[in-house]
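Participant: Structure incoming, see below.
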Amino acid sequence: MKTEVRRSVCPYDCPDTCGLKIELVEGRAVRVAGDSEHPFTRGSLCPKMAHYERTVYSSERVLHPLIRSGEKGSGQFRTVTWDEAIVCIADHWKELITGYGAETILPFSYAGTMGLVQRNCGESFFHRLGASRLARTICSSAKGYGWSSVMGETLAPHPDEIKKSDLIILWGTNALATNLHLVHNVREAKMRGAVVWLVDTYETPTAKIADNFVCVRPGCDGALALGIMHILVREGLQNQTFLNEYVQGFEDFRAECLPEFPRTKSVRLQELRLVSLKR
């Protein structure tokens, strides 16, 4: 049997853009592995891609348009051609537009395994159709607006910067599940002496790589963040030069959200550990 290994890339809409090594036997993929020479993948893949050949050759993979042939929820569909599917959709849309107007059609989709061209190619079509306008995914759009309203056009730090850190705080993230390749950098930083803290509402698998795990009640991490900022300001530990040059509204924030309290003894690291699970 002819066996060969070819390089490829992950098709999912993920910023890691992992490199893949595909093992082929007689032209059929039998194994997918991370490319050890890829600078970010470093040989490891997330569960979605670790056995991607099973997805490609799955008997449940949808390869043709389907039209429901039974009641909703029955799971009964019949296979049709692309021409039939297009006619069916177009006829139904015409009825909706005639009866209720074009805005009754609401496009709701996202990228999935598509690239920049495919994910945006339908925008002009739906605008021309007169359909309702939506920033597509509700969750991603809200997250993006929240980030830009606070951070503006500030770019996120490069993932490799974490290797140079002395203290790494993973806040509300199960990195082993959602940012697998960043964990490589976290572990490398730990080998250099960095301390890792995790703040979350329950003990996720990521807590195993943290030196300290701080468990907060859902919705209370904002109070924890304000408390930390209060201590930083009270002890004069903030980078005031950076705040003066690059941050807007800090003085208002300090006056309204970080009121002056009677000075007590400094909160030490040992005291903070009373609310954490030590490793």
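The values are calculated or read from the model by the stated rules, or taken from the named source; none is laboratory data. Bear in mind the structure is a predicted one, so any value in this text is a computation, not a measurement. Please note: Cβ atoms are built from the backbone with ideal geometry, for glycine as well, and neighbour counts cover all protein chains shown.
Participant: Test residue 193 against the stated conditions and say whether it is surrounded by fewer than 18 Cβ atoms within 10 Å (Cβ to Cβ), more than 23 Å from residue 147 (Cα to Cα) and not charged (D, E, K, R).
Facilitator: Yes.
Participant: Right, here's the next one. What pairs come up if the first residue lies in segment 38-64 and is touching a residue at least 60 places away in the same chain (Cβ under 8 Å), the second is among the hydroxyl-bearing types (Ser, Thr, Tyr), and their beta carbons are under 7 Å apart, counting only those six or more places apart or on different chains?
Facilitator: Here the result reads 42/36, each pair linking segment 38-64 to a residue that is among the hydroxyl-bearing types (Ser, Thr, Tyr).
Participant: Would you mention how many residues in segment 180-195 are part of a loop (DSSP other than H, G, I, E, B) and not basic (Lys, Arg)?
Facilitator: Residues that pass the stated criteria total 4.
Participant: Out of all the residues in segment 41-48, is one or more of a type in the set (Ser, Thr, Tyr), touching a helix residue (DSSP H, G or I) at 6+ places or on another chain (Cβ under 8 Å) and within 27 Å of residue 140 (Cβ to Cβ)?
Facilitator: There is at least one residue in segment 41-48 that is of a type in the set (Ser, Thr, Tyr), touching a helix residue (DSSP H, G or I) at 6+ places or on another chain (Cβ under 8 Å) and within 27 Å of residue 140 (Cβ to Cβ).
Participant: Inspect segment 241-261 for any residue being touching a Ser or Thr at 6+ places or on another chain (Cβ under 9 Å) and either under 25 Å from residue 153 (Cα atoms) or at pLDDT below 90 (or both) and give the result as yes or no.
Facilitator: yes
Participant: Looking only at residues that are part of a loop (DSSP other than H, G, I, E, B) and modelled with pLDDT of 80 or more in segment 132-152, which one is nearest to residue 246 (Cα to Cα)?
Facilitator: Step by step, filter segment 132-152, then rank; the result is 152.
Participant: Only one residue in 198, 170 is touching a residue at least 40 places away in the same chain (Cβ under 8 Å) and either surrounded by fewer than 16 Cβ atoms within 10 Å (Cβ to Cβ) or in a strand (DSSP E or B) (or both), so which one is that?
Facilitator: On inspection, the qualifying residue turns out to be 170.
Participant: Helices (runs of 4 or more DSSP H) wholly in segment 7-120 with at least 1 residues that are touching a strand residue (DSSP E or B) at 6+ places or on another chain (Cβ under 8 Å) and surrounded by 12 or more Cβ atoms within 10 Å (Cβ to Cβ) - which ones?
Facilitator: The helices (runs of 4 or more DSSP H) meeting that bar are 47-50, 52-56, 82-100.
Participant: Can I ask one more? Restricting to segment 11-40, name every residue that is at pLDDT below 90 and within 24 Å of residue 163 (Cβ to Cβ).
Facilitator: Correct list: 14, 15, 16, 17, 39, 40.
Participant: Looking at this structure, is residue 219 modelled with pLDDT under 95 and either under 17 Å from the mean Cα position of the chain (by Cα) or part of a helix (DSSP H, G or I) (or both)?
Facilitator: no
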